[in-house]
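The values are calculated or read from the model by the stated rules, or taken from the named source; none is laboratory data. What you see is a predicted model, and the numbers here were worked out from it, not measured in a lab. Because the Cβ atoms are built from the backbone with ideal geometry, glycine has one as well, and the counts that use them run over all protein chains shown.
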Amino acid sequence: MTQAVATEMMWQAVHHPHEGDGALGGRQLSGPADEETVGTIARPNLARLLAAIEAHEIAEIDAVAAYRELASTATDPVVRSLLRMLLEDEKHHHRVLSGIGMNLRGLASGAHEQRMFPRAGTLPGSLEMLRRFARQEREGADELRRLAGEAPELFDGLFALLLNLIAMDGAKHELILRFVAQELQAANDLTLEPGEQRPG
């Protein structure tokens, strides 16, 4: 698999058709990565990061197998649906982690640089649209959490669970939109001539 394919796989996985997953990878590493200092610039220990990511990849494979078995034997339709949701999440997480691992290996070997985003600018209107959608995602997530809190026992708690899961997706989407807007703004800034100001 080439670095370009791995990068595309990782970013396409972020918006896979299934909804209900956590932020990228769904988990945090057990502790902060060691850092190596080069001059005044600190950089992460890539070998340690890669080992941790690969360990999580293996754990996701085990989880996928376990959730698939549990979902296939569940007789209650609600339980079966929730387990299938977990299964899709774990499959998605494994795809994302595989892409991260591929890019870390490429970075460690010097096959490509750390920057993954192309430095192509965008129209100011597109940036404002991204920021507006980010705000809407945050506001929508807040509203769903409020609704879930109003009826925590409805349908034996399933109502609140599902609304909170969607709210978590909203928080994830807000982070993605703000990151993309930030990168595109940086691209716009780099394409300006000295002294030139971006219209609008």
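For the condition more than 19 Å from the chain's Cα centre (by Cα), at pLDDT 95 or above and not β-branched (Val, Ile, Thr), what is the one hit in Leu46, Leu83?
Going through Leu46, Leu83 in turn, the sole match is Leu83.
Results for (1) at pLDDT 95 or above; (2) loosely packed, with under 12 Cβ neighbours inside 10 Å; (3) in contact with a strand residue (DSSP E or B) (Cβ under 8 Å, 6 or more places away or on another chain), shown as yes or no for each residue.
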position: Trp11; (1), (2), (3): no, no, no
position: Glu19; (1), (2), (3): no, no, no
position: Ile41; (1), (2), (3): no, yes, no
position: Thr73; (1), (2), (3): yes, yes, no
